[in-house]
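Following: one structure in structure tokens, then a few remarks.
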Amino acid sequence: LVVEMQRTGAEYQDELSRRQHTRKIAAAILEGVPLRETADIITEIVAQRLGIERVGIYLRDPNGKIVPISLRNISGEYGNRITQLAYPTPLAARATATGLPLYIRNVQNDPQVGPEQRALFRSENITSVVMAMLQHREQIHGALAIYPEDDRQFTPLEMSAVQGLADM
């Protein structure tokens, strides 16, 4: 009974946190906070919610080019170079095909990832990627990329949270 009460309490706290984060993002949008600042809020929420240090948001600019809009503990050089690779990258194509967040471990050795992208991951010491496409109707507007440590496990609830944040 005690274990069940602790689990229920933890789920309740998680739900309160999720709602607080949703309100914070919605308030930024409704108040007209500039896009980069709103993206920074989102990257901080993702990092806090998942206990991850490195997060990036990449969006399509008015010219149709994907650009980094918010990078947390990721170099600007990496952000710019990763978006210059041929789009869609194999990772983006796989995430788009499923419509769900895609978690790829050991991306430096993934045979479906091109050599340029693998080298870029090595240079930034990125071992794993969780990618959720930012989509409205049929149009892809960008991606939310999370760069966890290689041995990180995600619960279904955490992956659901990633999808929920991407959906916003």
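The values are calculated or read from the model by the stated rules, or taken from the named source; none is laboratory data. Please read these numbers as outputs of a predicted model, since none were measured by experiment. Don't worry about glycine lacking a Cβ; one is built from the backbone with ideal geometry, like all the others, and counts go over all protein chains shown. Heavy atoms of the whole protein, side chains included, go into the accessibility calculation; ligands, DNA and RNA do not. Shrake-Rupley method; radii C 1.70, N 1.55, O 1.52, S 1.80 Å.
What residues of the range 144-159 lie in the reach of a label at Arg105, counting those whose backbone N is under 15 Å from a point 7 Å from the Cα along Cα→Cβ?
Answer for the range 144-159: 148-156.
Evaluate the Debye formula for the range 19-62 with equal point scatterers sitting on the alpha carbons, no solvent, and hand back log10 of I(q)/I(0) at q = 0.16, 0.24, 0.29 Å⁻¹, in q order, two decimals.
These q points yield log10 I(q)/I(0) values of -0.44, -0.88, -1.07.
Kirkwood Rh over alpha-carbon pairs of the range 1-83, then Stokes-Einstein at 4 °C and 1.567 mPa s: what D in µm² s⁻¹, rounded to an integer? Mind showing how you got there, number by number?
On the way: Rh = 14.7 Å.
It diffuses with D of about 88 µm²/s by this estimate.
Could you work out the relative contact order of the range 95-143? I mean the mean sequence separation of Cα pairs under 8 Å and 6+ apart, divided by the number of residues, in percent.
About 40 percent, as a whole number.
Taking the chain, how much of its Cα-Cα pair set, in percent, is spaced more than 21 angstrom apart?
48
Which order do the peptides 144-153, 30-39, 131-140 take when ranked by the mean count of other beta-carbon atoms within 10 Å per residue, highest first?
Details: 144-153: 17.5, 30-39: 12.9, 131-140: 14.5.
The packing order, highest mean first, is 144-153, 131-140, 30-39.
So, for the chain, what is the accessible surface per residue at a probe of 1.4 Å, expressed in square angstrom?
Working: 9760 Å² over 168 residues.
About 58 Å² of surface per residue is accessible.
Find the eigenvalues of the gyration tensor of the Cα atoms of the range 96-142, then list the square roots of 5 times those eigenvalues as equivalent ellipsoid semi-axes, largest first, in whole angstrom. Don't skip to the end; give the middle numbers.
On the way: eigenvalues 110, 22, 18 Å².
Computed over the range 96-142, the values are 23, 11, 10 Å.
About its Cα centre, what dipole magnitude does the chain give when the only charges are +1 on Lys and Arg Cβ and -1 on Asp and Glu Cβ, stated in debye to the nearest 20?
It works out to roughly 280 debye.
Quick one: compute the contact order of the chain, relative version, from alpha carbon pairs under 8 angstrom and 6+ residues apart, as a percent.
Details: 223 pairs, mean separation 31.6, N = 168.
The normalised contact order for the chain reaches 19 percent.
May I have the extent of the alpha carbons of the range 69-148 along their three principal axes, as whole Å values ordered from largest to smallest?
Ordered largest first, the range 69-148 gives principal extents of 35, 27, 23 Å.
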